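Each remark here refers to the structure printed beneath this line.
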Amino acid sequence: STISKDSLRSSLLQLECHFTWTLLKQDVDLEELEETIGIQTEFLIKSNITNYNLLSYVCYLKNSNEEALTNLQNAEEVVKKNHPDEIARKSLVTWGNYAWIYYHMERYEEAQTYISKVENSRKKLSSTGQWKIPEIYAEQGWAYLKFGRKYYERAKNCFENSLKNEPQNPEFIAGYAIVMYRLEDFSDEQYKDISPCLEPLKRAVELNPQDTFIMALLALKLQDLNQVNEGERYIEEAMQKTPDLPYFLRYAAKFYRRKGEVDKAINILKKALAVTPKSSFLHHQLGLCYRIKLSQLKQTRRYPPQEQVEELSQLAIFHFKTVINQKTKLYYAYIDLANIYAQRRRYEDAEEMFQKAFQINILFHDDLQSLYFHYGNFQLFHMKSESEAIRCYTEGLKIEENSWGRRQCRRALKKLLEQRIQRDLGDATDFSTLGFIHNQDGEKHEAIECYEKAIALCPNNEEYLSALYELRLSI
């Protein structure tokens with residue numbers, strides 16, 4: 001062909017589209033992402049251009065280029081139908097994706113055609129030469145949002161950029177509010193009275209009165225801030241507007257589960273599951289509901305009827321298993337399943353689930369810390385192994401990130417070591433580990449005392465001696 005591969009490459013890298021936004025396939029579960037986008041194109045009509053574009057990129061990552069092209073055609077159809085006057089403006093990302101896919105298919109002429117389309121449209125659209133229009137920032141933001149937690153900060157920046165030019169755009173504000181909610185969900189700061197995502201969520205609900213998904217997020221946030229009644233008003237209003245929308249129902253169910261109305265939550269979840277039977281989110285929520293009913297049963301009855309215990313356990317196990325069969329990287333579903341197995345004394349099954357969770361390759365530090373905490377509890381309370389429990393809690397503590405999981409590891413470890421020492425079972429390692437905890441809590445004198453005891457038991461240990469030396473210098 002007359003067009004050379006290399007001359008195309010530099011033009012391709014100038015395009016703004018999914019291929020130039022560094023969305024890495026190892027950060028996401030592709031099958032699950034494809035399923036999610038599929039459900040959304042069916043139920044959330046307004047963002048379909050964005051969804052088809054992202055889906056085409058997912059197809060490319062799965063080596064289905066033909067399918068990728070079909071999704072780009074779908075995106076073009078939506079533009080023609082809904083934005084006949086702004087075809088170029090709404091198609092820049094789609095055309096960029098076309099160019100890249102044709103390039104990968106070695107159809108260089110067609111790739112060049114789409115590069116030219118983008119370049120010509122850019123000249124027309126932008127008198128200033130500043131061609132990255134707000135829509136493109138927003139579309140990049142949605143893509144980052146879908147690729148998961150590692151990308152949330154980048155998503156936030158994108159929506160902030162899109163809002164600079166159009167501060168009142170309902171869709172941009174919706175994206176910004178959702179990403180702020182997610183960031184806060186994962187952040188370790190506890191917002192007691194006011195939370196940074198509350199205002200954006202309220203603005204988004206004002207500007208998107210039909211978007212019940214955002215209403216539900218606002219309701220959950222109000223619930224977090226102990227404004228339960230106000231939250232419930234939003235849930236009830238949304239229930240009137242979209243009684244069958246699975247995206248809304250799953251959060252409504254979460255709201256009622258956290259409010260303690262577990263049966264109501266179960267009914268809502270079953271209703272949503274009838275619409276989207278494969279949704280792992282719904283199965284996970286159902287598993288949690290049955291687990292709550294199980295523990296309530298055990299708390300209220302000294303000898304709970306065995307067949308009820310069995311039934312609720314089986315239901316919880318069934319739904320958690322469904323989740324991990326579909327979402328192989330959802331670590332907390334493995335923990336939930338392992339913990340129920342442990343309660344049912346199915347220790348080998350529990351052990352297997354924990355090991356599978358440790359093998360997930362996209363765990364964040366705080367995920368890993370909470371995994372060590374749960375595994376430590378399993379070793380301590382079910383396998384009766386203090387030494388294994390100590391090892392797990394210590395591993396969680398060693399990861400330098402403040403999180404719920406780390407605080408739990410520290411508390412459990414401190415309590416366990418103090419008990420061992422009281423029973424005169426403490427060895428040098430126990431004292432030095434306790435010293436390490438005291439030192440981290442800024443309790444220097446207690447730390448020194450612990451390290452001195454460790455050295456008394458194990459006189460020439462380099463590690464203990466240098467820790468003690470550092471501590472004495474720091475006082």
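The values are calculated or read from the model by the stated rules, or taken from the named source; none is laboratory data. What you see is a predicted model, and the numbers here were worked out from it, not measured in a lab. Cβ: placed from backbone, ideal geometry, glycine included. Neighbour counts: every protein chain shown. The accessibility values were calculated without ligands, DNA or RNA, using every heavy atom of the protein model including side chains. Shrake-Rupley method; radii C 1.70, N 1.55, O 1.52, S 1.80 Å.
Suppose the filter is under 29 Å from Leu15 (Cβ atoms) and either open to solvent by less than 20 Å² (accessible area, probe 1.4 Å) or not aliphatic (A, V, I, L, M) (or both); does Cys197 pass it?
Working: under 29 Å from Leu15 (Cβ atoms): no; either open to solvent by less than 20 Å² (accessible area, probe 1.4 Å) or not aliphatic (A, V, I, L, M) (or both): yes.
Judged against the criteria, Cys197 is not a match.
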Practice prompt. Consider Glu66 carefully, then state whether it is open to solvent by 40 Å² or more (accessible area, probe 1.4 Å), in contact (Cβ under 8 Å) with a residue 40 or more places away in the chain and part of a helix (DSSP H, G or I).
Written response: no
Item to complete: Restrict the check to region 328-340 and report whether at least one residue is under 18 Å from Gly287 (Cα atoms), open to solvent by 40 Å² or more (accessible area, probe 1.4 Å) and touching a residue at least 60 places away in the same chain (Cβ under 8 Å).
Response: yes
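Any residue at all in region 222-229 that's surrounded by fewer than 14 Cβ atoms within 10 Å (Cβ to Cβ) and at pLDDT 95 or above? Break it down into steps so the answer makes sense when it comes.
Initially, region 222-229 is screened for residues surrounded by fewer than 14 Cβ atoms within 10 Å (Cβ to Cβ), giving 226, 229.
Next, only the ones that are at pLDDT 95 or above stay: 229.
So far as region 222-229 goes, yes, one or more of its residues are surrounded by fewer than 14 Cβ atoms within 10 Å (Cβ to Cβ) and at pLDDT 95 or above.
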Worksheet item: Does region 140-151 include one or more residues that are in a loop (DSSP other than H, G, I, E, B) and open to solvent by less than 60 Å² (accessible area, probe 1.4 Å)?
Response: yes
Practice prompt. Can you run down the residue pairs with Cβ atoms below 7 Å, 6 or more apart or on separate chains, where the first is in region 213-227 and closer than 17 Å to Arg250 by Cα and the partner is among the basic types (Lys, Arg) and assigned to a helix (DSSP H, G or I)?
Written response: Leu218/Lys202; Leu220/Lys254; Gln223/Arg258
Practice prompt. Restrict the check to region 48-57 and report whether at least one residue is farther than 30 Å from Asn361 by Cα, touching a residue at least 24 places away in the same chain (Cβ under 8 Å) and not in a loop (DSSP other than H, G, I, E, B).
Written response: yes
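Here is a yes/no grid of residues against (1) more than 14 Å from Phe320 (Cα to Cα); (2) open to solvent by 80 Å² or more (accessible area, probe 1.4 Å):
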{"residue": "Asp263", "(1), (2)": "yes, yes"}
{"residue": "Lys271", "(1), (2)": "yes, yes"}
{"residue": "Lys278", "(1), (2)": "no, yes"}
{"residue": "His283", "(1), (2)": "no, no"}
{"residue": "Leu286", "(1), (2)": "no, no"}
{"residue": "Arg291", "(1), (2)": "no, no"}
{"residue": "Leu294", "(1), (2)": "yes, no"}
{"residue": "Gln299", "(1), (2)": "yes, yes"}
Worksheet item: If you go through region 152-189 one residue at a time, how many are under 18 Å from the mean Cα position of the chain (by Cα), in a loop (DSSP other than H, G, I, E, B) and not acidic (Asp, Glu)?
Response: 1
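Against the definition (open to solvent by less than 20 Å² (accessible area, probe 1.4 Å) and in contact (Cβ under 8 Å) with a residue 24 or more places away in the chain), how does Leu413 come out, yes or no? Give the derivation first.
Working: open to solvent by less than 20 Å² (accessible area, probe 1.4 Å): yes; in contact (Cβ under 8 Å) with a residue 24 or more places away in the chain: yes.
Yes; evaluated as a whole, the condition is true for this residue.
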